[in-house]
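Visitor: Below you will find the structure I want to go over with you.
The values are calculated or read from the model by the stated rules, or taken from the named source; none is laboratory data. Given the structure is predicted, the values throughout are model-derived calculations rather than measurements. Heads up, the Cβs are rebuilt from the backbone with ideal geometry, glycines too, and the neighbour counts pull from every protein chain shown. Areas reflect the complete protein model, heavy atoms only, side chains present, ligands, DNA and RNA absent. Shrake-Rupley method; radii C 1.70, N 1.55, O 1.52, S 1.80 Å.
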Amino acid sequence: MKKKQSNFSGQVGFVLAAAGSAVGVGNLWRFPYLAAKDGGGLFLLIYLVLVVTIGFTLLTSDIAIGRKTKKSAIGAYTELAPKWKFLGILTFFVPVLIMTYYAVIGGWITKYGVVYLTGQASAAAQDGYFTAFITSPVSPVVFALLFMAVTAFIVYNGVEGGIEKVSRFMMPILLVLVIAVASYSLTLSHTGADGETRTGLQGLLYYLTPHTEGLTIHRFLQISLDAMSQLFFSLSVSMGIMITYGSYVKPDVDLNRSISQIEFFDTGVALLAGAMIVPAVYVFSGTEGMGAGPSLMFISLPKVFDAMGFAGTVVGILFFVSAIFATLTSCISVLEAITANCMEIFHTSRKKTVLVLSVIYLAASAVIALGYSVFYFEVQLPNGSAAQLLDIMDYVSNSVMMPLISLLSTILIGWVLKPQFIVEEMEKGSGKFTRKALYTVIIRYVAPIVMLILFLQSTGILA
Ligand code: PHE
């Protein structure tokens, strides 16, 4: 096989690209919603503990496997243990599935960015606006294709000239925007129709205070599982993306420090997203206002922005621009993982591979974007929720495949290859593996059990 020439220029480029993949809609709409639903500070505490233990372990494994083998999922697992090639193939299929709908979501966000930039904040706050948009057979398709085309263009331009360049530009701006909006949220104050005045600081307190009233063991476990599934979606682990990005890291880069920085960036943006969204929603809609998933971003927040008056247009623009950056850098990481695997399997050039994949995924994105109009149908998932086309793709990739892949990969590393295999890679060059003992215990004993439980729970086998 030809030696791979693509690389990140160094530690900063790698960390920003990996953080770009990690920070996405998961941070912006899933994390704040879960925190508000799952007991505020209680969720935050559990999440933080999981980040520095299991999240750290999974992220370390993926990145170290990538750098060690210099290959993407299929090639990497085959090289580690030929009998485990199936795990590489399974891993490869996660981005393959995610790619079908991620540009569709990116398209929705872009649409809202345009809505706020063109001063239509009050239109976006009307009841039924979002539904009317996604059920239209044209507009969501156009925006999805646009988002997909931009993603493909960046990946086409390569690792350093495309992905790293875009991440270096977008990630610092994203961070500044999120801090600015969060600070503004805390200054809010509003008297509702009921005559009650609520402030941003009260909202912040609601977000940060651990609510343990009436907490049962069952509820505690439920919250922990929510935090766990959020965590590995958020870190982009167990889908081969971090293996691919790891394969582009030069041998002299200190992986130990890079991994801490990626964890810090991803968790920091999630916490800040909560600090910008929870208080704002609280001030204008009270504790009932936090919608789940897309409805938070596309229905609840536009109402909140509208209630802010003129400031709402500015805040709306800042918010959706940061959301576009977050989604775009994640979307390119998904396409890059698919591209890199295909280049290795078919021995094709980057440009040719991206062109072929673009055709496939432009078509796929259009189909999924039409899942709320032309191709509308609804099924019930094993976990009980009603799902359309997009939700099915999301369910299979995130709730079924990712926990299964994590489970299998922790068994492979912890028991077949042994943790020392990863430790060696972590200690290469100037690096010191500060959490070595923690890593070893978690990969062997803790992660396999947690992943098994998560798998059983999210597939509905364990009710
Ligand atoms: N990590 C991203 C987030 O938090 C999600 C993501 C999923 C990114 C799949 C890439 C691939 O939103």
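Visitor: Once the convex hull of the alpha carbons of region 323-415 is built, what does its volume come to per residue, in cubic angstrom?
Guide: Output value, Cα hull per residue: 150 Å³.
Visitor: Please report, in debye to the nearest 20, how large the charge dipole of the chain is about its Cα centre when each Lys and Arg carries +1 at its beta carbon and each Asp and Glu carries -1 there.
Guide: Dipole magnitude for the chain comes out near 1620 debye.
Visitor: Okay, moving on. Which whole-number percent of Cα pairs in region 296-363 have a distance greater than 20 Å?
Guide: Percent of Cα pairs beyond 20 Å in region 296-363: 50.
Visitor: Going by alpha carbons, how many degrees (0 to 90, nearest 10) lie between the helix axis of 139-156 and the longest principal axis of the chain?
Guide: 30
Visitor: How large is Rg over Rh for the chain, taking Rg from the Cα atoms and Rh as the Kirkwood inverse mean of 1/r across Cα pairs?
Guide: 0.96
Visitor: Related question: Heavy-atom accessible area per residue, the chain, 1.4 Å probe: how many Å²?
Guide: The answer is 38 Å² per residue.
Visitor: Still on this structure: Excluding ligands and nucleic acids, what accessible area in Å² is computed for THR348 using a 1.4 Å probe, to the nearest 10?
Guide: Spelled out: THR348, probe radius 1.4 Å, area about 40 Å².
Visitor: Please name whichever of GLY200, ALA19, ALA326 sits farthest to the positive end of the charge dipole of the chain, dipole taken about the Cα centre and charges placed at Cβ: Lys and Arg +1, Asp and Glu -1.
Guide: Result: ALA19, furthest along the dipole toward the positive end.
Visitor: Rounded to a whole number of µm²/s, how large is the Stokes-Einstein D of region 155-251 at 25 °C and 0.890 mPa s, given Rh as the Kirkwood radius over C-alpha pairs?
Guide: Result for D is 136 µm²/s.
Visitor: Shifting gears a bit: Under the 0.36 nm per residue contour assumption, what length would be gained going from the current alpha-carbon distance of ALA149 and ALA81 to full extension?
Guide: Additional length available on full extension: 20.8 nm.
Visitor: Something else about it: Rounded to two decimals, what is Rg over Rh for region 74-179 when you use alpha-carbon atoms and the Kirkwood radius?
Guide: Rg/Rh: 1.11.
Visitor: Using a basic spin-label model with each label point 7 Å from the Cα along Cα→Cβ, how many nm lie between SER373 and ILE449?
Guide: The modelled label-to-label distance comes out at 5.1 nm.
Visitor: Could you give the angle, 0 to 90 degrees to the nearest 10, between helix 56-69's Cα long axis and the longest principal axis of the Cα atoms of the chain?
Guide: 40
Visitor: Give me the percent relative contact order of the chain, please, defined on Cα pairs under 8 angstrom at least 6 residues apart.
Guide: For the chain, the relative contact order is 32 percent.
Visitor: Sticking with this one: Work out the length of the dipole vector of region 350-463 about its Cα centre, built from +1 on the beta-carbon of each Lys and Arg and -1 on the beta-carbon of each Asp and Glu, and round it to the nearest 20 debye.
Guide: In total the dipole reaches around 620 debye.
Visitor: When a/c reaches 1.5 or more, the comparison of a/b and b/c decides; with that in mind, is region 32-122 rounded, prolate or oblate per its Cα gyration tensor?
Guide: Because a/c hits 1.5 or more and a/b fails to exceed b/c, region 32-122 counts as oblate.
Visitor: State the extension gain, in nm to one decimal, for the chain segment bounded by LEU462 and SER430, taking 0.36 nm per residue of separation less the distance between their alpha-carbons.
Guide: The span from LEU462 to SER430 would gain 7.0 nm if fully extended.
Visitor: Calculate what fraction, in whole %, of the accessible area of region 351-399 sits on carbon and sulfur atoms when a 1.4 Å probe is rolled over the protein chains.
Guide: For region 351-399, the apolar C and S fraction of the accessible surface comes to 69 percent.
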